[in-house]
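Structure, as structure tokens:
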Amino acid sequence: MQKMDYAYFRSVADFVKNVIKDEPDVGIILGSGLKKLASRITEKIVVDYKDIPGFLESTVESHEGKLVFGRLGNKKVICMSGRFHHYEGYPFEMLTLPIRLFKLLGVRKTIVTNAAGAVNTSYNVGDIMIIKDHLKLTGASPLQGDNIDEFGPRFFDTTDMYTAELRKTALECTKDVPLKFHEGVYMYFTGPQFETPAEIRAARILGADAVGMSTVTEALTAAHCSMPLLGLSVMTNMAAGVLDKKLTDEEVGETADRISEPFCDYVEKVISRF
Ligand code: HPA
């Protein structure tokens, strides 16, 4: 495994800085099926992950594998179109890379999106959940191993991980958007299998409103390096066992496609208020 020390993160950031020659204000990490937002970025500079020495590769088909710098919502943004997940085989420590890269590039606020299964039965497919907190009871932490003091302390607080001020902005922006919004708790499962109906019943008892296979690794890394973060989940399907039908990746993709237009409009509006 690549040694994930400070020099490594610096070398990746220096390479990207040299290409974009500017400092982004906002970092964006796009979830499955939500990559259309990247195509709205103007004055683009695109860097393929594979051209960045030592960078990770995105192995999921619906994830593009490009870093896009440019303008969106009147802000300078850097967008990861294609994210990394533990289920692809990446050790948790490696999943710190996107947020730490953003931090070293000078990003001030980050927004992460994901596709998720709705656990809360009052939610509907196509609704959006503004993440207010998360549950991660499985797997290790991306911050395990030697602490990198340049990013943050060994033990760190997570009470405002999904930054209250950004959630307030996100809620204010929901007015007149033709989508239904909720604020709720996201529960992480490692995947790649969808959860079992029993796991979903347990998740509901524990207080989860939605489940997914991403985001928490980035949120923990953001909390460690004091990066303000907003997380948005698209309810692409009802979670396992809620409806009498099997879960498929096609359903996830179809819902993401269907709400893509109003969702991208909404995210752009949020970014403009950051
Ligand atoms: N579970 C986990 N991850 C997901 C789901 C789900 O139901 N839908 C989209 N991503």
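Here, each number is a calculation from the coordinates, and none is a lab measurement. Since we're looking at a predicted model, the values are computed, not measured. No Cβ is skipped: glycine too gets one built from the backbone with ideal geometry, and neighbour counts run over all protein chains shown.
The table that follows gives values for the structure above.
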| read-out | value |
| --- | --- |
| The stretch 125-274: projected area of the alpha-carbon convex hull, averaged over directions, in nm² | 9.7 nm² |
| Convex hull volume of the stretch 77-142 per residue (C-alpha atoms, cubic angstrom) | 134 Å³ |
| Cut-off 14 Å, label 7 Å out along Cα→Cβ of A164, residues of the stretch 109-139 by amide N | 132-133 |
| Cα-based convex hull, the stretch 16-116, per residue volume (Å³, whole number) | 99 Å³ |
| Helix 249-272 vs. the chain, principal-axis angle (Cα, 0 to 90°, nearest 10) | 60 degrees |
| Choice from N120, N74, N18 with maximal GNM fluctuation in the chain (Cα, 10 Å cutoff) | N18 |
| Using alpha-carbon coordinates, inclination of helix 197-206 to the longest axis of the chain, degrees | 80 degrees |
| Pairs beyond 21 Å (Cα-Cα), from K103/K269; K132/K175; K21/K50; K35/K109; K35/K175; K44/K132 | K103/K269; K35/K175; K44/K132 |
| For the stretch 56-107: rounded, prolate or oblate by the Cα gyration tensor [a/c cutoff 1.5] | oblate |
| 5 angstrom amide H check on E183, placed H, neighbours 5+ away | I130 |
| Whole-Hz couplings from phi, Karplus 6.51/-1.76/1.60, listed for the stretch 239-248; x for Gly and Pro | 4, 3, x, 5, 10, 7, 7, 7, 8, 9 |
| Alpha-carbon radius of gyration plus Dmax, which is the widest Cα pair, for the stretch 168-214 in Å | 13.8, 37 |
| Residue with peak Gaussian network fluctuation, the chain [Cα springs, cutoff 10 Å], from V26, V242, V112 | V242 |
| Neighbourhood net charge (11 Å Cβ-Cβ; Lys/Arg +1, Asp/Glu -1) for G70 | +3 |
| Convex hull (Cα only) mean projected area of the stretch 204-265, reported in nm² to one decimal | 5.8 nm² |
| Cα-only Debye scattering, the chain: base-10 log of I(q)/I(0) at q = 0.13, 0.14 Å⁻¹ | -0.81, -0.95 |
| Square roots of 5 times each gyration tensor eigenvalue, C-alpha, the stretch 119-174, largest first, Å | 29, 17, 8 |
| Dipole in debye (nearest 20) - the chain, about Cα centre, beta carbon charges: Lys, Arg +1; Asp, Glu -1 | 540 debye |
| Local electrostatic count at P178 - Lys and Arg +1, Asp and Glu -1, tallied over other residues with Cβ under 13 Å | 0 |
| Nonlocal amide H pairs with I28, under 5 Å, H built at 1.01 Å | I78, C79, M80, I111 |
| Computed FRET value (nearest 0.05) for T248 with T174, which takes r as the C-beta separation and R₀ as 41 Å | 0.90 |
| Descending Cα extents along the principal axes, the stretch 135-217, whole Å | 46, 35, 21 |
| Two-site label geometry, A202 and D146: point separation in nm, points 7 Å out along Cα→Cβ | 3.6 nm |
| Column: log10 I(q)/I(0), Debye, Cα scatterers of the stretch 65-196, q = 0.11, 0.17, 0.21 Å⁻¹ | -0.50, -1.28, -1.72 |
